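Beneath this line is the structure, given in structure tokens, with notes to follow.
The values are calculated or read from the model by the stated rules, or taken from the named source; none is laboratory data. Just so you know, these numbers come straight off a predicted model, no measurement behind them. All Cβ positions, even for glycine, are placed from backbone atoms using ideal geometry, and neighbour counts span all protein chains on display.
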Amino acid sequence: MFIQIPNSPSTSSHSTLRASDPMGSGPRGRFQIHSSGQVMLLTVMILSSGLLSASIVAGMIVLLQLRQTIDVMESTRAAYAADTGLECALYKQFQAPVFECDDNGVIAGCFVDINGNTNCQLANGSAFSVAVTPAVPPDPPTIKSVGEFGDSARAFEARFTILTQCNDSVDNEAVPDGFVDYPSDSECISVLDTDETTL
């Protein structure tokens, strides 16, 4: 739309130019249009970068939470497997020496490795390995069970002290000599020595 202002030809031409193109077509007008475009592009890039960064951080947090949940589940199953192995070894040690851990049908299968450890696979995918260390004076017998599931492993260890005359806190000699148990009583060679009266 053109607005004509009655005046001299030069004035009329100038007025028409300003009405039809408020920013003008000179270098200053082109610079203003170009600057506005750069500001808008820069704003869009900054906003996009912020949204992308926020999305990445949120994704990392979600992945971390999922990983922690999986770790807790694996750790729990590994602990249960270790407990199963320990219970089985205790039962075999004190109740039924001929009992095998896979006799109850819950455990998929067991085998004894070259070190003498019992290794069993459970039906839920977890496994345990039980090592029984016999008593070696002065050390008592120990049972260690390691349960595994996925990338997690948990272990339980039971140590036993067999009550003997040399570790019962009693002066067992017919004529008390005032020395009780190993190592105070020289007639006891270890805590597992069953006779406190003779060497």
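At-a-glance table
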{"item": "Qualifying residue in segment 34-45 (condition: at pLDDT 85 or above and in contact with a strand residue (DSSP E or B) (Cβ under 8 Å, 6 or more places away or on another chain))", "result": "no"}
{"item": "Segment 59-86 residues that are touching a residue at least 40 places away in the same chain (Cβ under 8 Å), paired with ones that are of a type in the set (Asp, Glu) and not in a helix (DSSP H, G or I) (beta carbon under 7 Å, 6 or more apart)", "result": "Glu74/Asp151; Ala78/Glu148; Ala81/Glu148"}
{"item": "Residue that is modelled with the lowest pLDDT, among those in segment 87-117 that are among the β-branched types (Val, Ile, Thr) and not in a loop (DSSP other than H, G, I, E, B)", "result": "Ile107"}
